[in-house]
Amino acid sequence: MTTLALTPARILRSEWHKLWTVRSTWIMLTAATVFTIGVGIAISASYEQDRGEVSGVDPVQFLLFGTQFSQIILAVVAVLSIAGEYGTGMVRSTMVAVPRRLPVLWSKAGVVTAVVFTATLATFLVTFTAGQLFLDGTDKELSLTDPGVLGTLVGSTAGLTSLALIGLGLGALLRSVPGGITAFIGGVTVLPEVLRMFPYDVMDSAAKYFPGRAAEGLMTLHDSSDYAATGPALLALTLWTTAILGTAGLLLKRRDV
Amino acid sequence: MRVTVIPGYYTLHLISRRRPTPPAPARPTIEDMITASELTKRYGGKPAKYAVSDLTFTVRPGTVTGFLGPNGAGKSTTMRMILGLDAPTRGTATVGNHAYADHPAPLHEVGALLEARSVHPGRTAHHHLVALALTHGIPRSRVDHVLDLTGLTDVAGRRVKGFSLGMGQRLGIAAALLGDPATVILDEPVNGLDPEGVLWIRNLLKSLAAEGRTVFVSSHLMSEMAVTAEHLIIIGRGRLLADTTVDTFVRESGAGTIKVVTPEAGLLTQLLAAPPVDVTSSTPGILEISGTDAEHIGRTAAAHGIPLFELTPHAASLEEAFMDLTRDSLEYAAHLEPA
Ligand SMILES: Nc1ncnc2c1ncn2[C@@H]1O[C@H](COP(=O)(O)OP(=O)(O)O)[C@@H](O)[C@H]1O
Ligand SMILES: [Mg+2]
């Protein structure tokens, strides 16, 4: 005989089920994966060391160039997982089933973390391995076992996962799919670039700790003055994610569904 | 005229059922009651608007309680507050003496059909119900059972996008019954249903109440409530207008005339015409009877072998009484409340 009761594990399973039972999840994850791998292979295959413009680019960041776009797709998956419920009205069913509400947000965060982290890490490993097939003998030749390479790939994955969680938080705050996506693109990818256009060093430094730039910096194998160092970048991303999800949780609890 | 309820036909005893199976109405217990106490909801904007004002009532188990009021009266808002979707500006709403959110298994406590769409159209009916079931550890067999109960088994694998209004409504009811709830709250459940569906809902509600559950169902149609509910909570502009039984409402509103067509009009008049029953006739063979109910007339006629060709309570005049009551909320409020 089953004891009917809400438990965190059950709510998590429900959110897992919900994520995989809408087509958009499959389509977007496939698109993000294929795009990252495809772009990685394409630019590696056409890479000529002496052509100039890309030779200064960090070798890992170079391979993961496709994430410029894939990170948005992954964030959209996260935005959809919550804002999609507001758009369709599903959120009312969800909140009647889980009237304390917060476990829903935490479960969605858990599911997004697990899915985006796993899919991204696998994608990065494939992209790296496939791309390297074309880079033998160039300045971008690397092996997974070279110092720092695996760490950079895992760090990059963590960065993209944080960005997706920020997407989740924005979706929860704005309760609208277009709103969440716009806020994500504007806040995460456009805003830091705007900040850098000001002629003040302090703004340029601050921009390094904005989510998009921090995540970008995590993709570099070698330290560069363009980006924050790995530790501070991870810390900044964690703080951003916590702050945005925390605010979303606070409002979720307060506002009428 | 009463609709026949087949006892146990809709009985939902699958999971740990704590209510007994017999269809005899259980004695009201505080445990399964819905109570609203000075419930008030103000929506911001200019000017601020009170959707619900100082609403106090209780809904008891074992009977169907109709929540009646014209569009915009505040029925949906009240139900959303009971379910914790909207926070009251003032006052409290409880189910079984606790706020809805404080129950360890909310879906087992209350099953709800909301007025607004509450489904992701891209998900199949089956997956929608499984997603809700998973939160509480409700077994898959129960999902299949409620799909069967609502006649959705054949379309369970289809995405909700393609559902008609009636199918969507049935899915909402399937979701409401999923947790085998002690209390059922349905907001305008017959909306969008064809006559067959309306009848189905009516029977379902009665059988749920007969199993001892608390059944709270809203409608803006008096005629619908008159045949479905036993108890009535009537609101207008967010305020309580009447908390009464259908019978009392019918009697006090003077709307309880019943048309009877019989070849034995004279004999039936003799048998029935004694205070408070009043029998009039303007056409031979047709009686207008007030002060009693169709059941009493039917039984009396049957006991004396009098054939009845027609036995019709006047729903239209009932609707008029309801409109009179709600037309100007405050003026009539004192008149009809409490029963
Ligand atoms: N979210 C809201 N914001 C502002 N006003 C609202 C909101 N929801 C409902 N109302 C208003 O509150 C009143 C009661 O609405 P509702 O509860 O839906 O009535 P009913 O269900 O009885 O038709 C209506 O006048 C409606 O316009
Ligand atoms: Mg309504």
May I ask for the longest run of chain A untouched by GluC sites (Glu not before Pro) that are loop-located per DSSP and have at most 10 neighbouring C-beta atoms (other than their own) within 10 Å?
-> A:54-257
Each label point is 7 Å from the Cα along the Cα-to-Cβ direction; what then is the distance between the points at B:Arg327 and A:Lys253, in nm?
-> 5.0 nm
Helix-only [θ] at 222 nm, the protein assembly as shown, -39500 (n - 2.57) per DSSP H run of 4+, per residue, nearest 500, equals -15500 deg cm²/dmol
Given backbone amide H placed at 1.01 Å from N, residues whose amide H is under 5 Å from that of B:Arg239, ignoring those fewer than 5 places away on the same chain, are B:Ser53
A plus B alone minus the pair: what accessible area, both sides summed, probe 1.4 Å, in Å² to 100?
-> 3000 Å²
What angle, in degrees between 0 and 90 and rounded to the nearest 10, separates the Cα long axis of helix A:67-88 from the longest principal axis of the Cα atoms of chain A?
-> 10 degrees
Per DSSP, the loop-located chymotrypsin sites (Phe, Trp or Tyr not before Pro) within segment B:29-90 having at most 16 other beta carbons within 10 Å are none
Helix A:23-45 versus the longest principal axis of chain A: what angle, 0 to 90°, nearest 10, using Cα atoms?
-> 10 degrees
Under the rule rounded for a/c under 1.5, else prolate if a/b exceeds b/c, else oblate, using alpha carbon gyration tensor axes a ≥ b ≥ c, segment B:125-198 is classed as oblate
Near A:Lys140, which lysines are there with a Cα under 26 Å away, not counting those fewer than 8 places off in the same chain?
-> A:Lys208
Using the Karplus equation 6.51 cos²θ - 1.76 cosθ + 1.60 (θ = phi - 60°), what ³J(HN,Hα) coupling, rounded to whole Hz, does each residue of segment A:242-257 give in order, writing x for Gly and Pro?
-> 4, 5, 5, 5, x, 4, 4, x, 4, 6, 4, 5, 8, 7, 5, 6
For the protein assembly as shown, the Debye formula with one identical point scatterer on each Cα and no solvent gives log10 I(q)/I(0) at q = 0.05, 0.07, 0.08 Å⁻¹ as -0.32, -0.56, -0.67
Does segment B:70-188 come out rounded, prolate or oblate, given a ≥ b ≥ c as the square roots of the eigenvalues of its C-alpha gyration tensor, rounded meaning a/c under 1.5 and, failing that, prolate meaning a/b above b/c?
-> oblate
Expected unfolding gain across B:Val261-B:Leu308 under the 0.36 nm per residue rule, minus the alpha-carbon gap, is 16.3 nm
Of the candidates A:Leu19, A:Val112, A:Val96, the farthest towards the positive dipole end of segment A:1-138 (Lys/Arg Cβ +1, Asp/Glu Cβ -1, centred on the Cα centre) is A:Val96
Around B:Ala99, what is the net charge, scoring Lys/Arg as +1 and Asp/Glu as -1 over all other residues with Cβ under 12 Å from its Cβ?
-> -1
Using θ = phi - 60° and the Karplus form 6.51 cos²θ - 1.76 cosθ + 1.60, what ³J(HN,Hα) does each residue of segment B:71-88 get, whole Hz, x for Gly and Pro?
-> 4, x, 6, x, 5, 5, 4, 4, 5, 5, 5, 4, 8, x, 6, 10, 8, x
Computed from the beta carbon distance with a Förster radius of 30 Å, FRET efficiency for B:Lys46 and B:Ala87 to the nearest 0.05 stands at 0.90
Under the Karplus curve 6.51 cos²θ - 1.76 cosθ + 1.60, θ = phi - 60°, whole-Hz ³J(HN,Hα) for segment B:294-305, x wherever Gly or Pro sits = 4, 4, 4, 4, x, 5, 4, 4, 4, 5, 10, x
Checked segment B:257-313 against the a/c 1.5 cut and the a/b vs b/c comparison, axes a ≥ b ≥ c from its Cα gyration tensor; verdict rounded
Taking the mean number of other Cβ atoms within 10 Å as a proxy for protection, how do you rank B:175-187, B:292-304 from highest to lowest?
-> B:175-187, B:292-304
Crossing angle, helix A:102-132 versus chain A [Cα axis fit, 0-90 degrees, rounded to tens] = 20 degrees
Residue-span extension gain [A:Val34 to A:Thr118] - 0.36 nm each, minus C-alpha spacing = 28.8 nm
Calculate the tail of P(r) for segment A:12-127: the fraction of all Cα-Cα distances greater than 24 Å, expressed in %.
-> 38 percent
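The values are calculated or read from the model by the stated rules, or taken from the named source; none is laboratory data. For clarity, every value in this text was computed on a predicted model and none was experimentally measured. Note: ideal-geometry Cβ built from the backbone for every residue, glycine included; neighbour counts use all protein chains shown. Just so you know, the surface numbers come from the protein's heavy atoms only, side chains and all, with ligands and any DNA or RNA stripped out. Shrake-Rupley method; radii C 1.70, N 1.55, O 1.52, S 1.80 Å.
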